[in-house]
Amino acid sequence: MIICTKCGAPNEEEAPICAKCGHKLQSVRRESDGASPAPGRLTLQSIGDSRRSRLPTLLRPYIEAWAYVLTLIAATVILLMKGVYWPLYLLAPAAYFLFRWRKI
């Protein structure tokens, strides 16, 4: 088992990248001869497959950030339409600290 140096998540021995954060775990080795690669070896096809499977993981922070922004905008519009302004003084710093805590 390989532990990721970036996030500390455990990964399988053959994993080229961390399953949690996508950080590179080991360098890719090329086969010197034309023979088929041994099981567990990286090939260009397996690297392409791992990139496709990482796409949702890579997009997750952006999707989460947009969800927070849209929720904040909706709450602001609703409060402004109702004429209630005092929650906005609490909502703005709460959103700031949420973004800082989530590292978005």
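When you scan the stretch 34-47, do you find a residue that is within 16 Å of R102 (Cα to Cα), at pLDDT 55 or above and either touching a strand residue (DSSP E or B) at 6+ places or on another chain (Cβ under 8 Å) or charged (D, E, K, R) (or both), even just one?
Checked against the condition, which is being within 16 Å of R102 (Cα to Cα), at pLDDT 55 or above and either touching a strand residue (DSSP E or B) at 6+ places or on another chain (Cβ under 8 Å) or charged (D, E, K, R) (or both), the stretch 34-47 yields no hits at all.
Just to be sure before I move on: is A74 modelled with pLDDT of 90 or more, assigned to a helix (DSSP H, G or I) and over 19 Å from the mean Cα position of the chain (by Cα) in the structure I sent?
Criteria met by A74.
In the stretch 66-104, what residues are closer than 24 Å to K24 by Cα and either surrounded by 11 or more Cβ atoms within 10 Å (Cβ to Cβ) or aromatic (F, W, Y) (or both)?
Within the stretch 66-104, R102, I104 qualify.
When the stretch 77-104 is examined, which residues are found to be of a type in the set (A, V, I, L, M, F, W, C), outside any helix (DSSP H, G or I) and at pLDDT 90 or above?
V84 - this is the single residue of the stretch 77-104 that is of a type in the set (A, V, I, L, M, F, W, C), outside any helix (DSSP H, G or I) and at pLDDT 90 or above.
The values are calculated or read from the model by the stated rules, or taken from the named source; none is laboratory data. Note that the structure is a prediction, hence the values are computed from the model and not measured. Methodologically, a virtual Cβ is constructed for each residue, glycine included, from the backbone with ideal geometry; neighbour enumeration extends over all protein chains shown.
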